[in-house]
1. Scan segment A:224-246 and tell me whether some residue there is in a loop (DSSP other than H, G, I, E, B) and hydrophobic (A, V, I, L, M, F, W, C).
2. Only residues that are at positive phi, in contact with a Lys or Arg (Cβ under 8 Å, 6 or more places away or on another chain) and part of a loop (DSSP other than H, G, I, E, B): list them for segment A:607-636, please.
3. Pairs, please: C-beta under 9 Å, at least 6 apart or cross-chain, first residue within 13 Å of chain B (Cβ to nearest Cβ) and closer than 30 Å to A:ARG194 by Cα and in segment A:414-443, second surrounded by 15 or more Cβ atoms within 10 Å (Cβ to Cβ) and of a type in the set (Gly, Ala, Ser)?
4. Can you find, within segment A:742-774, the residue that is modelled with the lowest pLDDT among those that are surrounded by fewer than 19 Cβ atoms within 10 Å (Cβ to Cβ) and either at positive phi or among the β-branched types (Val, Ile, Thr) (or both)?
5. Say we look at segment B:45-55 and pick out the residues that are within 7 Å of chain A (Cβ to nearest Cβ) and buried (at least 18 other Cβ atoms within 10 Å of the Cβ); which of these is farthest from A:ARG443 (Cα to Cα)?
6. Looking at A:ARG698, A:ARG784, which is the one that is within 14 Å of chain B (Cβ to nearest Cβ), at pLDDT below 90, surrounded by fewer than 17 Cβ atoms within 10 Å (Cβ to Cβ) and within 29 Å of the chain's Cα centre (by Cα)?
7. Please find, within segment A:219-265, the residue that is nearest to A:LEU300 (Cα to Cα) out of those that are of a type in the set (Gly, Ala, Ser) and surrounded by fewer than 22 Cβ atoms within 10 Å (Cβ to Cβ).
Amino acid sequence: MVALPPALSCWFAAKGWSLHPHQLAMLARAGDPATLLIAPTGGGKTLAGFLPTLAELADGRHRGLHTLYISPLKALTADIRRNLRAPVEGAGLPIRIGDRTGDTPYTQRRRQRADPPHILLTTPESLALLLSYEDAPRIFAGLQRVIVDEVHALAESKRGDQLMLCLSRLQALCPGLRRVGLSATVEDPPALARFLARNPDPCGILLADPGPEPDIAMLETDAPPPWSGGGGRHAIPAILAEVRRHRTTLIFHNTRAQAEIFFHALWMENEEALPIGIHHGSLAREQRERVEQAMAAGALRAVVCTGSLDLGIDWGDVDLVIQVGAPKNVKRLVQRIGRANHRYNAPSKALLVPANRFEVVECRAALEAAREHDLDGTPRGPGPRDVLCQHILLLACAGPVDADALYAEVISAGPYAGLSRPGFDACLEFAATGGYALRAYDRWQRLMRRGGLWQLRDPRAAQVIRMNLGTIIDTETLKVRLKNRGGGTPLGEVEEYFASTLTPGDTFLIGGQVVRYDGLREMTVEVTRQPGRDPKIAVFGGTKFATSTLLTQRIMRMFQQPSWPDLPAHTAAWLALQRKVSRLPEPDRLLVESFPCEGREHLCIYGFAGRNGQQTLGLLLTKRMEDEGLHPLGFVATDYATLIWGLDPVTDPGPLFDPSRLRDGLEGWLRGNAVMKRTFRNSAIIAGLIERTHPGRRKTGRQATFSSDVLYDTLLKYDPDHLMLQITREEALRGLVDFGRIEEMFARVQGRIDLLRLPRLSPLAAPMMLEMGRVPVEGAGRDRLMAETADRLMREAGLG
Amino acid sequence: MTSHAFTLADQPLLALASGALYWPAQGLLCVSDLHLGKSERLARRGGTLLPPYETRETLTRLDGVLAATGARHVVCLGDSFDDGAAGGGLEEDDRLRLSALMAGRKWTWIAGNHDPAPLALGGTHRAEFATAGLTFRHIAVPGETGEVSGHFHPKATVAGRSRPCFLIDAARVILPAFGCYTGGLRATDPALAALMGPQALAVLTGPRALAIPMPR
């Protein structure tokens, strides 16, 4: 038990504050090696985490760094710094606080390295960078505690795996280090505790009072949601009315592009000019900070935002959370709802706004699950080895590495507790020599073994390794400009991959308007406005969430109802129409629709196997179609269906859907497909095989970097057992491929496949036509299309 | 179609789908920008350790084209090696493979910006090479005619697929890079647009040779 210093007690008393039971409990457990605190937002979670630190630093005797606070968001560090300053300055405690993120100026970062503050607030990436410096042992000397905020969010990504590796290094530098994790509600607290704690240390779990039940409902709108697409523009009048009725509203969107489009449309209708801002991860820092400050000052009535505000930035007086678009995942919904009403013991108020009619069903299912506390989540597999490869290179930047000691360190990190020594050695070998069967780099190894220790052959390589640090892979984007207007008006950015799939004449949506693709010019996408035309393809960047198994199961059950009194009339009518012109999917049958649309044959398979499962199904089926000479051109997958388009109609599902043939095709097919190549690219960047392309520094000349696909193909041909291919396979099977859910589907269906030939697009398939993430199929169909296009171009030019 | 037939300075030529140029009348095969030894050069400079198989892959492809055409003379249009040291740094296997390809035929190395100096690998080393009305050099010279060059690694897109390509007009042909680890420059780049006449074609490589009007 650490006692609260008198100065701090007095300050709390003067403020009229009393500590919550979980805050007192954190003081009582201050000496434990690891503690996981699960508390609702607004429960004073962060203060609970810091109380032992403030108590231990109150006498002013500690020298150097005492507590490291790590948050997934830069914005959070600035926010926490502000919030900590109040009690520290109010109680006159002799504590220095500093924050350090990618945004921190160079001079300040240098000062921090020379003379660290008592409390350093930082991000996983900045911590990794600090650990790569030779003077890391000096910087962290005396460190006592580490607080990982929003650990539930970090545990879902490779950033968390990297952080846990970094903590294992910190623990080696500072053996007495104690860990605290702060988390929102999760479905499996013991799993999160094992992730956080030093293996095999025990980790206590502290559950704060969850507070009253949230007040959550679906927003009723006069206008029905559109048939397809997302964005929730139809609900703007109703949303503005809610904003008017409340003090401060957070309006969440699932993607940045949707938030931008919605924000633009909102302002067109915001006749009273209510002060409403926007906040998301691709905005410039100054812009984000302006919004954060205005929000803290109570100057905004609403903020349109994305996941960047999912995490606990203290917004003070938020009294309503609006979620636009289906939440896809019950846990995330519950966590977002928790953003409203930071006053402890006041219920959170939230409204769901389905963006299209399918999402009406999804939102209804999510509401019911949230009310029943039925949280979803899939356990994460063991720590990925591409992150470990990066960690090894990073530590080598700091100084010579002993392999045995490092292995002991690595398996003390929760996600890597089960890593075998050969599994570790393969990563070390990769970092050192590339790990190729052909021993080509004996002279030019990256790491050399000298005196039993591994170190950089060329110390200058450290700079490159540091520049490539981190596990977040930005998608490469190209700017989009309107043609012929004095250089062109910039409209925004699209993913390079998306741009590469466009043919001149294609129309797509960007910044809320429909444009026609004219061509690429010096890495810029040139377009012309096409008002009044339906976009062929919608562009939505940002994270794409997959609907959880739990939610898709609930949706499937809702489809079986004879009627839908709980759903709005428009959605009930839509489902009824689907039942009339086609069928509604049933749990023990597989519905497959075949129809012509936009000059292509389409096949829609309602497998309800989740986005990744449906994607895999798409890849396997298109392969089978290729074998059957059906010329597939591409497909797109959602959580509930796969839509395939091609040159020929499918008339007999039998040969395509034979599960054993699909299964046989899996191994061979896995190797050559586009999803694997994208997985390979991400892992290869993280592991340090290929360098990141830094936007703005890209070469447009002939030395342009060649595609990572070439490396993948080459490895597959000459070194098929190489570590990077093993990692790619592990990554793909970890969820991207999700063949398990396809197996489940076939077990459920037992060969009962209903192929319906329809004259046109069915109501349920309509939203699929606008889905992003289209995967092209490389095959005879593509070759035929290329040849036909080439012939046409030659004829048009009078050359054919 | 595994090739696109055209004439340059009255000489019938074939732009092969593999990215090589074949001159049947001379039994001459021309390839450009092999960039052999690229991974070794990057490693030597302290960079990343790429899969060290690109030399083997490039030579295997070249072997395939030689077998298919039965060419008696090979002209490598420069940037055959990623730098001067890369020739010396070849793996023994790769060196033997290259020697086997060179054996029994005439072999001309044209100097490139990556490999300006002669290499101790046999064959003839030249700044440029002219015969029967055609001139082979690494970088195109504006205003010249009957010219075969490389250097730019042109690529073009059809139906959403980008592929390395030949650029062909009445005065010249620019070859795609034949090497495995090579990027490309879009045919729409001003540097290429300035060199090529208005009637120029782009011939995409890949499973088939596809001719299109050069994208501008």
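The values are calculated or read from the model by the stated rules, or taken from the named source; none is laboratory data. Everything numeric in this text was worked out from a predicted model, so none of it was measured. Here the Cβ positions follow ideal geometry from the backbone for every residue, glycine too, while neighbour counts run over all protein chains shown.
1. yes
2. Of everything in segment A:607-636, just one residue is at positive phi, in contact with a Lys or Arg (Cβ under 8 Å, 6 or more places away or on another chain) and part of a loop (DSSP other than H, G, I, E, B), namely A:HIS631.
3. Note: pairs meeting the criteria are A:GLU429/A:GLY435; A:PHE430/A:ALA687; A:PHE430/A:GLY688; A:ALA431/A:ALA396; A:ALA431/A:ALA687; A:ALA431/A:GLY688.
4. Checking each candidate, the answer is A:GLY773.
5. B:GLU54
6. It is A:ARG698.
7. Out of the qualifying residues, it is A:ALA241.
A quick yes/no check of all residues on (1) at pLDDT 90 or above; (2) aromatic (Phe, Trp, Tyr):
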position: A:LEU550; (1), (2): no, no
position: A:TRP574; (1), (2): no, yes
position: A:SER582; (1), (2): yes, no
position: A:ARG600; (1), (2): no, no
position: A:CYS604; (1), (2): yes, no
